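S.K.: One structure is given below, represented as structure tokens, and several questions about it will come after.
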Amino acid sequence: MTAQCRLLNQPPAFGSFVRAEWNDGESGRRKSLIAIVYWVTTTAAEAGRRPAPYGLTLEELKREQPQIFELLVTEFTALHLGTIIENAPGYALPPQPPPVHAFVYSCTSEEVRLFTESPRFLRTTLQSIPNLSSEQLTAAAIRHANAAHAKESEYLVKVGRELARQLHDDAPRLQAILELLTGSDSTHFGSEF
Amino acid sequence: MAGTGEMRPIGVIIGGSLSEGLQMKVSDQVSVEDLRAGRFMVVEGEKYRFFCLLTDVVLETSDRRFMLFPPATGDTLARQVLQGTGAYAIATLRPTLMRSNGAPAEFDAGSLLPVKTIMPHFCAVYPANPDDVAQVFGKKDDQRFYHIGSPLEMEETPLCLNMERFIERSSGVFGKSGTGKTFLTRIILCGLIQSQQISSLIFDMHNEYGFRGTTEERNRSGGVRGLKQFFPDRVKVYSLDPESSKNRRVTPDAIVRIPIKDVTVEDIMLLAGELNLGGTALETCIQLENRLGENWLADFLEKESDDIVDLSRQNVGHQGALNALQRKLRSFEHRCSDFLKREVAKQESGIIEELFSDLNHGKHVVLEFGRHRDPLQYMLVANILTRKIHERYREETEKAMEGDQPGPRPLVIVIEEAHKFLSPELSDQTIFGTIAREMRKYHVTLMVVDQRPSGIDDEILSQIGTRAVCLLDDERDVNAVLQGTPSSSGLRAVLAGLESKQQALIFGHAMPMPIVIRSRTYDDENFRKAFHLEAPEERKQRLDKEISSDYG
Ligand SMILES: Nc1ncnc2c1ncn2[C@@H]1O[C@H](COP(=O)(O)OP(=O)(O)O)[C@@H](O)[C@H]1O
Ligand SMILES: [Mg+2]
């Protein structure tokens, strides 16, 4: 799904969890969808126009040409992961996408914790999306999930193990993600051997 | 079904075959280092419980690249993540018996089936529980079974030996020096004595069985109790060296003297190595016996040089050879002079009858060698007495068979250093070889205790029904003890994994399946209590404890 941000240049972070909410027209039931942000862009609000650079810095532009910012919007695209219905996470996708104009919220830390309690959310993030490193996305997702599980010291290991199961036949991909997670470039696989 | 209780599975079956054994993926909750070869495991099949022995563990990876680029030593996350997932362990289990899930909970030999099938994929594997041990090996409160130790990693669970089965065939206790053979043999003997089904004659080369045994244990310079102390009424100690008994302040029940006329050419052949006699010398001995009759040895020893010349004229042998032989035999007589007598006093001459009578009345006789423990002395005496006793047993058995009587009480003869009697060159000639081959025809079996089983004749080894094997280093010894056992390759790994003391792999006739045990601690408080032998202060402590727990 793609959503427009309320404020210019203030998109949710890459790999963070968002929730779309709407009322289902037919059943009248409250619906929600959990997704993960993977693409952010700021463009002209009107189709066919493109923001021009004018040769000025961002600060100079804000001072001298504030009106041009009125014409820009920040949008983000998120990958559907599943649902939270009545406090229960689900990993099957709903039959319909959220309707246009549905509101999209950043997930609360509690929602992230609930949704990522089971490492099953990784199955979707590992799939390949054109022009995007699924390793980067997965690592970012895990980082957000881990932050929501700050109290659980073994959480990273638990998720890592699920990752290892998914990537049992793809050692380099697993390595790449784990490296991104440990965050230090010194701990390469095989650096000593 | 025997409850697995709270126990968590240690893995699941992911493959395998009847012939090659089962493959278990080790649970990532389990440390590979806890999976010792020889551990007793159970696979819960759909219809059967399969009793297995862990024989091997291998490390595997799901992607070869994990092996090529292993995580750095400090990379804890990668290590934790990969353990049991991308990098995992597979254990090989050897199924040995199966038991229907519907079988009654008690021990029932008939419920133990040979493994004729395997279970489907993904059956859970558990460490055996005490019920499994009792269902396979019997319970210690059952008269037929005798508690000899406990399975690996199951210190509290008694593992029993089926005594009736055990005495049906000859048995062997093997292991390199210092691994606990003598201790284990004594433990088994306590069971034999207690079970009252058989008598035993123990050739106690190192004076370890009768009154006191030595121990390497520190703080126990007094040694451990001998069989006589556990069973004063049922054990008799015969001594070859009353001097030594006196020095140890013990009084043997009988003194053994051997008349020199009891020494046969067979004995000399057995000692050929020790006496440095070649084939011709032995030929000469046979000639001498033919010529001189029953008392050939004493006669020959007394011959003057003229007589020797006579003998050589009669083609008994060359004069020089006869002289040399006489010299060697004289030195032999000299070395054995403390117990080998030209004349034996009247009261000592009936020793074989006395021995036979004791054995036939259910006594257990320990023959102490005292200081006379060099191989020459030991082999001579053991061979002569065994031959004589065997003769008596044969007579009695044959007499009994004619009269449809039950025959003499079964006897087991215990020999240490068995390979000295049972080497391929000698086993045809010594009485021990005969007994091993006869398979209890005359109610006599052997219990051989030995550190060099490869020195024992193959055919004899194959007659040894139940084998208890402590750690062995030499490949040839390992091959020898495993000879004739199905799929011995798994057991080889198990044997190699034994600790250096007080552990043994036991398999064969009396054992429903091979199993590794830690033997009971001989002569500790529990052991003494089991045989109603407590020091007064121990008894007081126990009673105090019992009273306070009854009234406390
Ligand atoms: N079952 C046992 N109970 C107590 N101590 C044991 C036992 N087995 C072995 N040991 C210890 O190991 C030492 C060596 O055992 P021993 O039976 O004399 O070895 P071996 O006869 O094989 O040379 C003993 O002195 C004793 O300290
Ligand atoms: Mg010994």
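The values are calculated or read from the model by the stated rules, or taken from the named source; none is laboratory data. Keep in mind the model is a prediction, meaning the values are calculated, not measured. So basically every Cβ, Gly included, is an ideal-geometry build from the backbone, and we count neighbours across all protein chains shown.
S.K.: What is the residue count in segment B:323-376 for residues that are under 23 Å from B:ARG392 (Cα atoms) and among the hydroxyl-bearing types (Ser, Thr, Tyr)?
M.R.: 2
S.K.: On to the next question. So, B:ARG520, is that one away from chain A (no Cβ under 14 Å) and within 14 Å of ligand 1 (Cβ to nearest atom) or not?
M.R.: Details: away from chain A (no Cβ under 14 Å): yes; within 14 Å of ligand 1 (Cβ to nearest atom): yes.
Criteria met by B:ARG520.
S.K.: I'd like to check something: does segment B:487-494 contain any residue that is within 16 Å of ligand 1 (Cβ to nearest atom) and on the phi < 0 side of the Ramachandran plot? Don't jump to the end; show me each part of the working.
M.R.: Of the residues in segment B:487-494, the ones within 16 Å of ligand 1 (Cβ to nearest atom) are none.
Checked against the condition, which is being within 16 Å of ligand 1 (Cβ to nearest atom) and on the phi < 0 side of the Ramachandran plot, segment B:487-494 yields no hits at all.
S.K.: So, in segment B:185-209, how many residues would count as being touching a helix residue (DSSP H, G or I) at 6+ places or on another chain (Cβ under 8 Å) and away from ligand 2 (no atom under 14 Å from the Cβ)?
M.R.: Of the residues in that region, 10 qualify.
S.K.: Continuing with the same structure: Scan segment B:228-273 for residues that are small (Gly, Ala, Ser), in contact with a helix residue (DSSP H, G or I) (Cβ under 7 Å, 6 or more places away or on another chain) and under 16 Å from B:MET205 (Cα atoms) and jot them down.
M.R.: Applying the first criterion (small (Gly, Ala, Ser)) to segment B:228-273 yields B:239, B:244-245, B:254, B:272-273.
Filter once more, keeping what is in contact with a helix residue (DSSP H, G or I) (Cβ under 7 Å, 6 or more places away or on another chain): B:239, B:254, B:272.
Within segment B:228-273, just B:SER239 meets the criteria.
S.K.: Out of the residues in segment A:13-38 that are among the aromatic types (Phe, Trp, Tyr) and under 21 Å from A:THR83 (Cβ atoms), which is surrounded by the fewest Cβ atoms within 10 Å (Cβ to Cβ)?
M.R.: Going residue by residue through segment A:13-38, those that are among the aromatic types (Phe, Trp, Tyr) are A:14, A:17, A:22, A:38.
Next, only the ones that are under 21 Å from A:THR83 (Cβ atoms) stay: A:17, A:22, A:38.
Details: A:PHE17: 26, A:TRP22: 19, A:TYR38: 21.
Filtering segment A:13-38 for residues that are among the aromatic types (Phe, Trp, Tyr) and under 21 Å from A:THR83 (Cβ atoms), the one surrounded by the fewest Cβ atoms within 10 Å (Cβ to Cβ) comes out as A:TRP22.
S.K.: Any residue at all in segment A:85-103 that's crowded, with 16+ Cβ neighbours inside 10 Å, farther than 28 Å from A:HIS168 by Cβ and within 16 Å of the chain's Cα centre (by Cα)?
M.R.: Scanning segment A:85-103 turns up no residue that is crowded, with 16+ Cβ neighbours inside 10 Å, farther than 28 Å from A:HIS168 by Cβ and within 16 Å of the chain's Cα centre (by Cα).
S.K.: Go over the candidates B:GLU396, B:GLU402, B:GLU425 one by one and state the one that is out of contact with any Leu (no Cβ under 9 Å at 6 or more places or on another chain) and under 23 Å from B:ILE258 (Cα atoms).
M.R.: Working: B:GLU402 fails: under 23 Å from B:ILE258 (Cα atoms); B:GLU425 fails: under 23 Å from B:ILE258 (Cα atoms).
Unique residue meeting the criteria: B:GLU396.
S.K.: From (1) at pLDDT 90 or above; (2) farther than 21 Å from A:ASN146 by Cβ, pick out the condition that doesn't hold for A:LEU61.
M.R.: (1)
S.K.: Test of understanding: among A:ALA150, A:ALA145, which residue is exposed (fewer than 14 other Cβ atoms within 10 Å of the Cβ) and away from every other protein chain (no Cβ under 11 Å)?
M.R.: Numbers: A:ALA145 fails: exposed (fewer than 14 other Cβ atoms within 10 Å of the Cβ).
Checking each option against the conditions leaves just A:ALA150.
S.K.: Does B:LYS25 satisfy the condition of being at pLDDT 95 or above and within 14 Å of chain A (Cβ to nearest Cβ)? Can you show your working first?
M.R.: On the way: at pLDDT 95 or above: yes; within 14 Å of chain A (Cβ to nearest Cβ): yes.
Judged against the criteria, B:LYS25 is a match.
One line per residue, one yes/no per condition, for (1) more than 14 Å from chain B (Cβ to nearest Cβ); (2) crowded, with 19+ Cβ neighbours inside 10 Å; (3) of a type in the set (Asp, Glu):
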| residue | (1), (2), (3) |
| --- | --- |
| A:ARG120 | yes, no, no |
| A:PRO130 | yes, no, no |
| A:GLU154 | no, no, yes |
| A:ALA171 | no, yes, no |
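S.K.: Then there's this: Looking at this structure, is B:VAL115 more than 14 Å from every other protein chain (Cβ to nearest Cβ), buried (at least 21 other Cβ atoms within 10 Å of the Cβ) and either away from ligand 2 (no atom under 16 Å from the Cβ) or assigned to a strand (DSSP E or B) (or both)? Step through it out loud before you land on a result.
M.R.: On the way: more than 14 Å from every other protein chain (Cβ to nearest Cβ): yes; buried (at least 21 other Cβ atoms within 10 Å of the Cβ): no; either away from ligand 2 (no atom under 16 Å from the Cβ) or assigned to a strand (DSSP E or B) (or both): yes.
Here the answer is no, as B:VAL115 does not meet what is asked.
S.K.: Would you please list the contacts, defined by Cβ atoms under 6 Å and residues six or more apart or on different chains, that run from a residue in segment B:42-70 that is within 14 Å of chain A (Cβ to nearest Cβ) to a residue that is hydroxyl-bearing (Ser, Thr, Tyr)?
M.R.: From segment B:42-70, the pairs are B:GLU60/B:TYR88; B:MET67/B:THR61.
S.K.: Mind listing just one residue for me: the one in segment B:155-188 that is within 16 Å of ligand 1 (Cβ to nearest atom) and over 18 Å from B:VAL469 (Cα atoms) and, of those, modelled with the highest pLDDT? Even if it seems obvious, please write down each step before you answer.
M.R.: From segment B:155-188, those within 16 Å of ligand 1 (Cβ to nearest atom) are B:155, B:158-161, B:171-188; that's our starting set.
Remaining after also requiring over 18 Å from B:VAL469 (Cα atoms): B:155, B:158.
Details: B:GLU155: 92, B:PRO158: 97.
Per the stated criteria, the residue is B:PRO158.
S.K.: If you don't mind, another one. Residues that are free of Cβ contacts under 8 Å to residues at least 60 places away in the same chain, within 16 Å of ligand 2 (Cβ to nearest atom) and not in a strand (DSSP E or B): does segment B:223-238 have at least one? Step through it out loud before you land on a result.
M.R.: We begin by selecting, within segment B:223-238, every residue free of Cβ contacts under 8 Å to residues at least 60 places away in the same chain; these are B:223, B:232-233.
In the following step, the residues that additionally are within 16 Å of ligand 2 (Cβ to nearest atom) were identified as B:223.
With the extra rule that they be not in a strand (DSSP E or B), the set shrinks to B:223.
Yes: one or more hits.
S.K.: So, of the residues in segment B:193-209 that are surrounded by 23 or more Cβ atoms within 10 Å (Cβ to Cβ) and more than 15 Å from ligand 1 (Cβ to nearest atom), which turns out to be farthest from B:HIS147 (Cα to Cα)?
M.R.: Step one: filter segment B:193-209 for residues surrounded by 23 or more Cβ atoms within 10 Å (Cβ to Cβ), giving B:199-205, B:207-209.
In the following step, the residues that additionally are more than 15 Å from ligand 1 (Cβ to nearest atom) were identified as B:199-201.
Details: B:SER199: 19, B:SER200: 19, B:LEU201: 22 Å.
Result: B:LEU201.
S.K.: Then there is this: Please find, within segment B:485-518, the residue that is nearest to B:PRO95 (Cα to Cα) out of those that are under 17 Å from the mean Cα position of the chain (by Cα) and among the small types (Gly, Ala, Ser).
M.R.: Applying the filter and picking the extreme gives B:GLY508.
S.K.: Are any of the residues in segment B:212-219 at pLDDT 95 or above, within 12 Å of ligand 1 (Cβ to nearest atom), at negative phi and not hydroxyl-bearing (Ser, Thr, Tyr)?
M.R.: At the first step, the residues of segment B:212-219 found to be at pLDDT 95 or above are none.
No, that holds for no residue.
S.K.: So which of B:PHE183, B:PHE174, B:PHE166, B:PHE145 ends up being away from chain A (no Cβ under 14 Å), crowded, with 21+ Cβ neighbours inside 10 Å, in contact with a Lys or Arg (Cβ under 8 Å, 6 or more places away or on another chain) and under 26 Å from B:ARG409 (Cα atoms)? Even if it seems obvious, please write down each step before you answer.
M.R.: Values: B:PHE183 fails: in contact with a Lys or Arg (Cβ under 8 Å, 6 or more places away or on another chain); B:PHE174 fails: under 26 Å from B:ARG409 (Cα atoms); B:PHE166 fails: in contact with a Lys or Arg (Cβ under 8 Å, 6 or more places away or on another chain).
The unique qualifying residue is B:PHE145.
Every residue, every condition in (1) touching a Phe, Trp or Tyr at 6+ places or on another chain (Cβ under 6 Å); (2) assigned to a helix (DSSP H, G or I), yes or no:
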position	(1), (2)
B:ILE286	no, yes
B:ASP299	no, yes
B:GLY317	no, no
B:ASP338	no, no
B:LEU367	yes, no
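S.K.: Given the structure, is A:ARG123 touching a residue at least 40 places away in the same chain (Cβ under 8 Å) and basic (Lys, Arg)? Let's see the steps before the verdict.
M.R.: On the way: touching a residue at least 40 places away in the same chain (Cβ under 8 Å): yes; basic (Lys, Arg): yes.
Yes; evaluated as a whole, the condition is true for this residue.
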